[in-house]
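The values are calculated or read from the model by the stated rules, or taken from the named source; none is laboratory data. Computed from a predicted structure; not experimentally measured. Reconstructed Cβ throughout: ideal geometry from the backbone, glycine too, with neighbour counts over all protein chains shown. SASA here: full protein model, heavy atoms, side chains in, ligands and nucleic acids out. Shrake-Rupley method; radii C 1.70, N 1.55, O 1.52, S 1.80 Å.
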Amino acid sequence: MLRMRMLFALVLAPVVCTPAFAQSDAAAQVKALRKAQLQQQLEQIQSELKQLDQPDAAAITATPSNTTAEDGKATTLNAVVVSGQRVNGRGAAGQTVTSVDRSQFENTPAANIGDVLALSPGVTYLQGNGPRDASISVRGSNERQTFGIRNVKVFEDGFPVTQPDGLSRTDLTDPHAYGSIDVFQGPSSAWYGNYATGGAIDFHTRQGRDIQGVEAGADFGSYDYYNDYVTAGGRGERYEYSAFLSNVRGNPVTAHTDYDTVTENLLLTLLATPTDRITLKLINNDLDANLSLRLSLNQYRQNPYQTNCAALTGAACASISVFGNGFNGTKQSLSPEQADLGRHDRRTIVGGRWEHDFDAATTWRTQFVFDNRDYKQPTNASAAIGTIPSFNLMSDLVHSGTVLGRDATTSAGVFFNYEDINSYTYNLSGGGANALGGITQTVRGHHLNAGFRAREELSLAPQWSGVVGLGGEFTQLNAQAANTSYSGATPTITRITGDRVFLNVAPEAALLFTPDAAWQFHARVATGYGTPQATNLFVTQQGVAGNNAQLKAQSNLGFDLGAQWTVAETLKATLTGFYEFYRNELVTQSAGASLQSFTFNAPSSEHRGVELGLDWHPLPGLLPGAWLSAAYMYDNQVYAEYSEQLSAGTQTASFDRAGKRIPGVDPSTLNARLGYDQRSGALRGAGGYLETSYRGAFYLDNANLLRAPSYTLLNLSLHYDPPAAEGLLSRLRFYFEAQNLLNRIYVASASNIIDSIDGTGAQNGADILAGATGSIYAGSPRAYFGGMRLKF
């Protein structure tokens, strides 16, 4: 943070040295003082730059940069970085951090943010409920839930886009808008608070100084895919801005999944005084998307894309069962088209940040964010409708100085966020076109978080640095559910009150050791916590409205040990091992196609695994443009203590799940790219790569009886990025991708399903579970995408 502040101050130095500040003797004194401050900052930056000129033992990159010896520059590896160091002034020393630079994805269609993060070790994603709703996970953090992002805090340009109830969604995330992405891995509640059990992600929009004008682009491809977007940005003496607008639409192969979404994104920074900066942020997204139904494994095998199912005349068609009149009586089956299932959402985020420099070493930062989510989601036999406004206030003080003669950075702050809950659930009726029937549940209340955070980063010796941190938080869930039943002659309303208070504390500590330019080691122990959401309290394990208010907060204790190795700027590799112990882990699973998903606590579970990253230039002398990049993760998550109770009719039975794999978690993931970029000659700027993506088979149920099959995909990406020159061609960029070259049918997303028992109390086998609906979305078959971008 300090380094970013110093760099920004230097960029805007001409602003504070203009004659406007020399109107009086007092102003001249201010000018002289500020000049001295900037000189001190410049000396600090020059010192840092000298250190950065040394080979960086922390870096692991995914794609090479466009520099060669012919350009008078050395080949560098800077697209994806996995490090135990702070990245661009963000994060804490000793934490595993993955950074993705724009050079990795700027010459691709980048239709999904998950594709952009594919070469980040430890990061995986699933298809969510919508075209850009990627369920992103860090070390499997969100793989038990197949929509949105939970268990990871998400930020954009430092502004939170996770609401106080812990939900983030990537509908508003168009990869073309971003310059870089940082992923902070492992338990991180000491700094990021509630719901950071898996870590945090910070998206950074492109800087105005890098745009300096207007860029317009158009992507197009299979299944009527179009993305028209424009980016504008610039920098003046007292301001810097970037603005982005896109309209994405398509009609994927799976029936009833067409969509249209518009995103606006604005970042503006103003230099108010020599020591004060104001940053304004705006994000708005409008989404209209039709949705299909998740399938059983049997349905997926027979009709993965739901062909000829609009009137339920095809094979293995998924359907919902609704009351014909929307209240009670006779039920009828409807296809997604007949019920007009979908999502119709608007998300608006407005934020402001004020930064004040008390001196060259001390900065006070305060920011406020208003975040409103409006949604209408008839996604199964019921429709969820609501408005969720929230606000987030935080204030921090950062000071760089010395402790016992050693360089140190001290950070401390407080925060408060509040969410107003207004949620309504309706039956769908047989009238079609998402016609609403009777209201079945109303949830009104609030979610409040308030706490503090503190961190000390200290240089212990020339090769050693350490971090200690502590966070504490008060959380209140206060909500009332009114559940309405229409089984009798008159409606019956049952009211349930959830009034829960949680107090959580999260410490952290880390060490970073850099013995020489080739090696770096980091070790970390940290904690995380996450409370239930208010709506979790009112859906039972039968997938219907009811009392589930006994849910507890989850917590985890995690250990990281990692090493990075750099060899002569041609090979960079990273290895990180992690082991995390969970208590009362919150697990979400599907109760069936016409029912709601529910959440339960697993008393004890363990997550352990290994992450590997590789970037290799195998022939730097013969073929300097050839490269190989790969990211691999082994993720073993098991229940250490959990007894599951199942019921059927008059029978009830309990089953010990200790030692069973937690369902939904990919045990092995691998992404690798073999590429070449032409760095000189007439074809300079041409390049591409062949990519393989592997996902291991994973269990769908707690008894580990049924598995989603593994798959391997092959993709091809080509681009032409001409060097800067005069003329129109130098301002154009072209790219093309072929995805799923072998036309594999694969599971893109699968919700966990409930085990079941028969009339004798015996557990049903995999053949019965394979018919359980509400789980699987099939991935796209072979598809082609292209695009171009023009700089004005």
Take every Cα-Cα distance within the range 276-409, group them into 5 Å bins from 0 onward, and report for each bin the whole-number percent of pairs it holds. 2, 9, 12, 11, 10, 9, 8, 7, 6, 6, 6, 6, 4, 3, 1, 0
Suppose R0 equals 45 Å. What FRET efficiency, 1/(1 + (r/R0)^6) with r the Cβ-Cβ distance, do Ala626 and Ser710 give to the nearest 0.05? 0.95
Dipole check, the range 693-754, charges on Cβ (K,R +1; D,E -1), about Cα centroid: among Gln739, Ala697, Leu728 the Cα furthest to the positive pole belongs to Ala697
At 10 °C and 1.306 mPa s, the Stokes-Einstein diffusion coefficient in µm²/s for the range 408-471, with hydrodynamic radius from the Kirkwood sum on alpha carbon pairs, is 96
Cα→Cβ-extended label distance, 7 Å offset, between Asp260 and Phe327, nm: 3.6
Given the range 135-224, what whole percent of its Cα pairs are spread farther than 19 Å? 46
Order by accessible surface, 1.4 Å probe, largest leading, for residues Cys309, Cys317 comes to Cys317, Cys309
Any idea how far apart Ser395 and Ser730 come out in nm if each label point goes 7 Å out from Cα toward Cβ? 5.1
With unit charges on the beta carbons (Lys and Arg positive, Asp and Glu negative) and the dipole taken about the Cα centre of the range 633-703, which residue among Ala682, Gly664, Ala640 sits farthest to the positive side? Ala682
So for the pair Thr410, Leu741, with labels modelled 7 Å out along Cα→Cβ, what separation do we get in nm? 5.8
Which sequence of Val152, Val230 reflects their accessible areas, 1.4 Å probe, from the largest down? Val230, Val152
Quick calc, Leu270 & Leu561: beta-carbon distance into FRET formula, R0 30 Å, rounding 0.05, result 0.10
If you roll a 1.4 Å probe over the heavy atoms of the protein chains, what accessible area per residue do you get for the range 585-734, in Å²? 41
Could you work out the percent of alpha carbon pairs in the range 470-527 separated by over 17 Å, rounded to a whole number? 69
Please give me the summed charge of the neighbours of Ile201: other residues whose Cβ is under 10 Å from its Cβ, Lys and Arg +1, Asp and Glu -1. -2
Could you work out what % of the accessible surface of the chain is carbon and sulfur, using a 1.4 angstrom probe and leaving DNA, RNA and ligands out of the count? 58
Over the range 631-680, equivalent-ellipsoid semi-axes from the Cα gyration tensor in Å: 45, 12, 5
Helix 25-52 vs. the chain, principal-axis angle (Cα, 0 to 90°, nearest 10): 70
Rg/Rh ratio calculated on Cα atoms of the range 259-342 (Kirkwood radius): 1.37
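Given a cut-off of under 8 Å on Cα pairs at least six residues apart, what relative contact order in percent is computed for the range 699-792?
Working: 155 pairs, mean separation 32.0, N = 94.
Relative contact order, the range 699-792: 34 percent.
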For all pairs of alpha-carbon atoms in the range 721-792, what percent lies in each bin of width 5 Å, listed from the first bin to the last filled one? 3, 12, 13, 10, 9, 9, 9, 8, 7, 5, 5, 4, 3, 2, 1, 0
Kindly provide the pair-distance distribution of the range 494-653 built from C-alpha pairs, with 5 Å bins from 0 and whole-percent values in order of increasing distance. 2, 7, 12, 13, 13, 12, 10, 8, 7, 6, 5, 3, 2, 1, 0, 0
Are there GluC sites (Glu not before Pro) in the range 690-792 that DSSP puts in a loop and that have at most 11 other Cβ atoms within 10 Å, and which ones? Glu726
Along each of the three principal axes of the Cα atoms of the range 344-457, give the extent in whole Å, ordering the values from largest to smallest. 74, 21, 19
Counting Lys and Arg as +1 and Asp and Glu as -1, each charge on the Cβ, what is the dipole of the range 445-539 about the Cα centre in debye, to the nearest 20? 360
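Tell me, what is the percent relative contact order of the chain, built from C-alpha pairs under 8 Å that lie six or more residues apart?
12
Could you work out the Kirkwood radius for the range 643-792, taking every pair of different alpha carbons, averaging 1/r and inverting it, reported in Å?
Result for the range 643-792, one decimal place: 19.3 Å.
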How large is Rg/Rh for the chain, to two decimals, with Cα atoms and a Kirkwood Rh? 0.97
Just add up the charged neighbours of Met633: K/R +1, D/E -1, any other residue whose Cβ is under 14 Å from the Cβ of Met633. -3
Pulled fully out, how much extra length does the chain show between Asp210 and Arg238, if you take 0.36 nm times their separation in residues and subtract their Cα-Cα distance? 8.4 nm
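Report the FRET efficiency, 1/(1 + (r/R0)^6), for Leu280 and Phe474, where r is their Cβ-Cβ distance and R0 is 22 Å, rounded to 0.05.
On the way: r = 30 Å, r/R0 = 1.35.
Efficiency at R0 = 22 Å is approximately 0.15.
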The range 663-732 and the range 240-267: distance between their alpha carbon centers, rounded to Å: 22
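Restricting everything to alpha-carbon atoms, can you work out Rg to Rh for the range 189-314 with a Kirkwood hydrodynamic radius?
Taking Rh as the inverse mean 1/r over Cα pairs, Rg/Rh reads 1.15.
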Using only alpha carbon positions, build the gyration tensor of the range 528-610, then give the equivalent ellipsoid semi-axes as the square roots of 5 times its eigenvalues, largest first, whole angstrom. 39, 15, 9
Which listed residue (Gln367, Val100, Leu404) has the Cα farthest towards the positive end of the charge dipole for the chain, taking +1 on Lys and Arg C-beta and -1 on Asp and Glu C-beta about the Cα centre? Gln367
State to the nearest 20 debye the size of the charge dipole of the chain about its Cα centre, where the only charges are +1 on K and R beta carbons and -1 on D and E beta carbons. 380
Relative contact order (%) - the range 206-355, alpha-carbon pairs under 8 angstrom, separation at least six: 18
Solvent-accessible area per residue for the range 92-216 at a 1.4 Å probe radius, Å²? 15
At 222 nm, what value in deg cm²/dmol follows for the chain if DSSP H runs of at least 4 each add -39500 (n - 2.57) and the sum is divided by all its residues, to the nearest 500? -2000 deg cm²/dmol
